[in-house]
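Below you'll find the structure, written out as structure tokens, and then a few comments.
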Amino acid sequence: MSAWRLPAGGTAVDRSRPLRFSFEGRPYQAFEGDTLASALLGAGVDTIARSFKYHRPRGIRAGGWDDPNAFVRLDAPVSEANVLATRLPLVEGLAASAQHCWPSLAFDLGAWAGRLSALLPAGFYYKTFKWPQRAWPFYEHLIRRAAGLGRLPDPGAQFQSSRQHHRAEVLVIGAGLAGAAAALAVVRSRRSLVWVDDGDTPGGRLLDEPVAAGLIGHQLPGEIGAREGEPARDWLSRTVAEIDACPQATRLSRSMAFGLYEHGEALVLERQGLLQERLWCLQVDRVVLASGACELPLLFENNDRPGVMLAGAVSHYLERYGVACGRRAVLVGPGAAMSGLADSLSAAGVSVLDIVDNTTVPGPRQAVLQQGGSQPEWIRDLRVARVLGRAKLEAVELRGTDSDAAGRSRTIECDLLAVHGGWSPALQLLAHAPGTTAADGATDWVRPAGMAAGHLTAEQCLRSGWQVARGLINGSAALHTCASFRPVQSPAIESAAARRTFVDLASDVTVFDIGLAVREGYESPDLLKRYTALGMGPDQGRSAGPLGASLLAHLRGLPPGSLAATRARPPLVPVAFAAIAGNQPGPLIRPWRETPITAWHKQAGAVMYESGANWRRPGYYPRPGESMQEAIARECRAVRGAVGVYDSTPLGKFEISGSDAEAFLERLLPSRISALASGRGRYALLLREDGRLLDDGVIVRLAQDRFWLTSTAGHADAVEAWLEYARQWLFRDLGRVMIANVSSQWAAIVVCGPRSRELIESLGTDIALAREDFPFMAVRAGRVAGVSARVFRGSLTGGLSYELNVRPRDAQALWLRVIEAGRALGIEPVGSEANHVLRVEKGFISIGHEADGIANPDDLGLGWAIHLDKGDFVGRRSILRDRAGASARPELVGLEVDEGPPLEEGAQIVAAELSLGSEQTGEASRSLGFVTASVASPALGRSIALALLEDGRARLGQIVQATVAVPGGPERGHAGLRLRRARVVAPVFVDPEGVRLRG
Amino acid sequence: MRINCPWCGERAETEFRSAGAALDRPSAPTELDGTQWADHIYGRDNQPGLVRELWWHWAGCRQWLLIDRDSVSHRIDRVDRVQP
């Protein structure tokens, strides 16, 4: 192919504004209005890419989203990979290069894969690269390098995106003739309209036709306003002007509707610039899908060579950009369509040699004007068998059809082969809308029109668009859409030609691969897709899908049209994540929750951790020059020896009140609530119906009909949902229960440690703090440091501990008072890391570590919190089932190691007798449990851990082994395991009697 | 998907959370045998077509709603309040 730029012509280009660009380092010239593809064709570049698997040279084949290979790497003005050249508007100084080839596009070593194509059919990786097994990481490395298209650019390009919401009654997708007629019908019916078009200007396929193409006015309804014989473009521009003048109509250009969702939601991506996009979230009642049709290619040997193009694309580049795609053309397709193209080409100076028409429908043969040459020859009894030429099209070989003498053949030298294999309606969006498939027509609210509904002539499309829109608005029944299926002609599967006859050019799937799939039993289009990767390329199988499905039907002996392509799913075209993020970049997409004291934590140098439910909490407070372990040890020593303070505000807090509140809680919690006196609390387990822990916390009785329930910070939202579910549904017979989520209404500061009582006394309080007056698990209300507070004496760290609940507006001042008063006592602010160490020392469970959704309360040593001598409660039936069962349970135990760093959390526990490398299998090498939490304990000077171990309580005092991962390189992860010995002990390491807790 | 909340009007699906099939809690769980109980906790019919579900309008009125939804087309037939 030697495409060339015509001296004049091209409706989309402005020849007075030339642009310079470069491809693969070579400079070229084009015009404003060109796409990169039309500019490359105008400059005579035939090969622009190498194919995915076999690295065959590929050129530009189509004019829009259906080009499977025209993906280039953009180097300037921005850096981006996998940009589709046919949809990239050219700008001054644009630089692009080819992907997926090395060392260069012209000489690609990857082409050796093509020579090995017999060894690399579809699914080859299911059959090869499996042996020896040790070599798999090496194979994986190679395959990963060979796979994929393009290399990601360095980050740094600024992507600008925004989001717009809009509501309208009717959405019309597509601005071809059908779309324009539909939009006109909507506007004339006085409905609000959103009209979405992918092109720069309205027109769709009309813009690929010669300018003077006229309309047969008398075939159309009078209201459309088409005058007899007037050029279609004139009617279109009049109609667009009328619609634009209507205030209720919104017209979007350069916008692609890429997804349709239930209840009238549509997503549209508007391209405003090279890296600037706007996402439209539309809410509509009805959709007219005038999205056109995709042109199908033909199947013959070497049908992927540069120089083989779709007939519509040849016309597209000719009319819009003034680019002729060759000098000596052969056209293949139905006579009526091809003679129009032959007219245009010869008027442009392209020599049309032959028109190969082997359709069964005889078409009109019109006189063709030639620029000083001979008429093209009409060939009816031969079909295209193969393309000759190594790097590009040089000649085409025609052979007789089977019914004829098979020996007849002809070779024609040419540089452009324009093929037309039929139209496939672009109904992917119809498949997005749930409840239907593309094959069975329209849903209630989405209807295809125009070429998408199977119509082919301009008059049919106009009438279809008008009638479908009117029908949708009036609510009349859907029109029956016509679909045409042509029988597929292909070379015999077993022939050598089949290996070079491409069905999907994006994934290099050939006719042979499809035959292979059928032979191996992958007979449905879905299985075919997954086995051969047909339709999985960036073009989403726009042409390959229908072609593959009809070829599959043909191979299986089914009637043509009986198999449909696989279902399309959103997005229809690639959408950048940045476009979806819209105007919520960075922290805006996920705002952090803060407490009134967060500013102090940050100022004190705390390392802030993500802590679940969008909270950020201090992990530890390092002093200058201190390591993380040193800081944690210092904080722990303060809590055990002096006094510590931490910010407990993120915890969930709920007030449950009403005369039925106690009955409600009796049914919800496993503990006996009736025995709870006013001013007292107890540890509460929130169980799920299967007896596992949803969350844990404390239930406090404030008054006869008022309770206070706390939960963990990370689960507060889930607990609220659960409480409301129980109140409004499960136990809705209890009428008088009120639940208020007061998590944000209370800030909580916990003062803990042996000197905590002393500290609170020094702040000044009217609450009696002596042990007899204020026992463990009690709650008192009063004033602390002049601020109204509800004080609860619970403990998450295992010593004397007071939780000061105050109003958020008082929290920061109180915190500062506590810090100041504690200075003389040796106070330290405590972060979540130190809290973790302290609770492991005490054997307190943590939701997510020990309570993993599988261990039940008995396993965790919390059976005492379950009272069976009361009525039914959530989870009771499952607890009874577990207790009656005989199988070994994973039980909470402690592990001690004599020396060395802590065990790994998640390490597996195995028997002491097992040694790695031995041939033990089965029972001896089975995992007995795993480590749930592991820390270095400053109080004990040793590493300790908590673990869930099978029959753990029976193994106290025994030795077990825990796995340790041996680190490997960055590519390989871990390179093996070794084992470390540990002793099983009771799961409490500090103050087992709880003396300090109750002091 | 849009859900027509009886209190708040038509709202986007993202304001709601689904709790699955609207099953009542058995009145006497201890009288069920192990298989029946496991079926109540874990077993769900997964039929295409109309299902009766519980949804929670967490970003609005925070009320639980009973919704009849077609599990194939997501068409919503009825949205009811939960009556005691």
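Here the calculated FRET efficiency for A:E242 and B:E31, from their Cβ-Cβ distance with R0 = 56 Å, stands at 0.15, rounded to the nearest 0.05.
Any idea which of A:H432, A:G885, A:S756 is furthest toward the positive side of the dipole for the protein assembly as shown, if Lys and Arg beta-carbons carry +1 and Asp and Glu beta-carbons -1? The one lying farthest along the dipole's positive direction is A:S756. As a length-normalised measure over Cα pairs under 8 Å and 6 or more apart, the relative contact order of chain B settles at 29 percent. Fully extending the segment from A:F107 to A:E913, taken as 0.36 nm per residue of separation minus the present Cα-Cα distance, adds 284.1 nm. If you rank A:I749, A:I243, A:I589, A:I819 by fewest surrounding Cβ atoms within 10 Å, what's the result? Going from sparsest to densest Cβ surroundings: A:I589, A:I819, A:I243, A:I749. If the segment from A:L6 to A:S788 were pulled out straight at 0.36 nm per residue, it would be longer than the present Cα-Cα gap by 272.9 nm. Exposure proxy for B:Y42, A:Y317: other Cβ atoms within 10 Å of each Cβ, ordered fewest to most, give B:Y42, A:Y317. Coupling constants for region A:687-697 follow from the phi torsions by the Karplus curve (6.51 cos²θ - 1.76 cosθ + 1.60, θ = phi - 60°), and in residue order they are 9, 8, 5, 8, x, 9, 7, 7, 6, 9, x Hz; glycine and proline get x.
Along the axis of the charge dipole computed for the protein assembly as shown (Cβ charges of +1 for Lys and Arg, -1 for Asp and Glu, origin at the Cα centre), the listed residues A:Y261, A:A576, A:P7 are led at the positive end by A:A576. First check a/c for region A:747-799, with a ≥ b ≥ c the square roots of the eigenvalues of its C-alpha gyration tensor; if it is under 1.5, answer rounded, and if not, answer prolate when a/b is larger than b/c or oblate otherwise. Taking the square roots of the gyration eigenvalues as a ≥ b ≥ c, region A:747-799 is rounded. Spatial offset of region A:734-793 relative to region A:295-336 amounts to 82 Å, using the alpha carbon center of each.
Per-residue ellipticity at 222 nm, computed for chain B from helices alone with -39500 (n - 2.57) per DSSP H run of at least four residues, works out to -3000 deg cm²/dmol. Within chain A, antiparallel bridges make up roughly 75 percent of the DSSP beta bridges whose residues both belong there.
Amide hydrogen proximity for A:A684: with H placed 1.01 Å from N in the peptide plane, the residues at 5 or more positions away or on another chain lying under 5 Å are A:G697, A:V698, A:I699.
Distance from the C-alpha centroid of region A:808-829 to that of region A:169-192: 67 Å, rounded to the whole angstrom.
Across region A:590-595, rounded Karplus estimates of 3J(HN,Hα) from the backbone phi angles (6.51 cos²θ - 1.76 cosθ + 1.60, θ = phi - 60°) give 8, x, 7, 7, 10, 9 Hz, Gly and Pro being marked x. On the beta carbon distance between A:Y261 and A:V607, with R0 = 56 Å, the FRET formula returns roughly 0.85.
Please say if the protein assembly as shown is rounded, prolate or oblate, where rounded means a/c under 1.5 for a ≥ b ≥ c the square roots of the C-alpha gyration tensor eigenvalues, and otherwise the choice is prolate for a/b larger than b/c and oblate otherwise? It comes out prolate by the Cα gyration axes. Multiplying the residue separation of A:R593 and A:D444 by 0.36 nm and subtracting their alpha-carbon distance yields 49.2 nm. The helix-based estimate of mean residue ellipticity at 222 nm for chain A, built from -39,500 (n - 2.57) per DSSP H run of four or more residues and divided by its residue count, is -6000 deg cm²/dmol to the nearest 500.
Entry note, chain A: relative contact order of 9 percent, from Cα contacts under 8 Å with a spacing of 6+ residues. Extending 7 Å from the Cα toward the beta-carbon at both B:C61 and A:W136 defines two label points whose distance is 5.6 nm. Based on C-alpha pairs under 8 angstrom that are at least 6 apart in sequence, region A:762-825 has a relative contact order of 26 percent. Amide H to amide H, with H built 1.01 Å from N, A:Y609 comes under 5 Å of A:R617, A:G619, counting only residues 5 or more places away or on other chains. Database remark: amide H of A:A851 closer than 5 angstrom to the amide H of A:S846 (H placed geometrically; neighbours at sequence offset of 5 or more, or on other chains; Pro and chain starts carry no H).
Counting beta carbons within 10 Å around each of A:R780, A:R61, A:R151 and listing the fewest first gives the order A:R151, A:R780, A:R61. For region A:557-685, rounded, prolate or oblate, judged on the Cα gyration tensor with a ≥ b ≥ c (square roots of eigenvalues), a/c < 1.5 rounded, else prolate if a/b > b/c? Note, shape of region A:557-685 comes out oblate.
Derived scalar couplings between HN and Hα for region A:748-758 equal 10, 10, 9, 9, 9, x, x, 9, 5, 4, 4 Hz in order, rounded to whole Hz, by the Karplus curve 6.51 cos²θ - 1.76 cosθ + 1.60 (θ = phi - 60°), x for Gly and Pro. Think of each Lys and Arg Cβ as +1 and each Asp and Glu Cβ as -1; about the Cα centre, that makes the dipole of chain A roughly 720 debye. A:A3 sits among other residues whose Cβ lies under 10 Å from its own Cβ, and their net charge, with Lys and Arg +1 and Asp and Glu -1, is 0. Label point of A:D852 set 7 angstrom out along Cα-Cβ; within region A:871-913, amide nitrogens under 12 Å from it belong to A:890-892, A:905-909.
A short reminder: the numbers here are calculations on the coordinates, not readings from a lab. Just so it is clear, the structure is predicted and the values come from calculations on it, not from any experiment. Cβ: placed from backbone, ideal geometry, glycine included. Neighbour counts: every protein chain shown.
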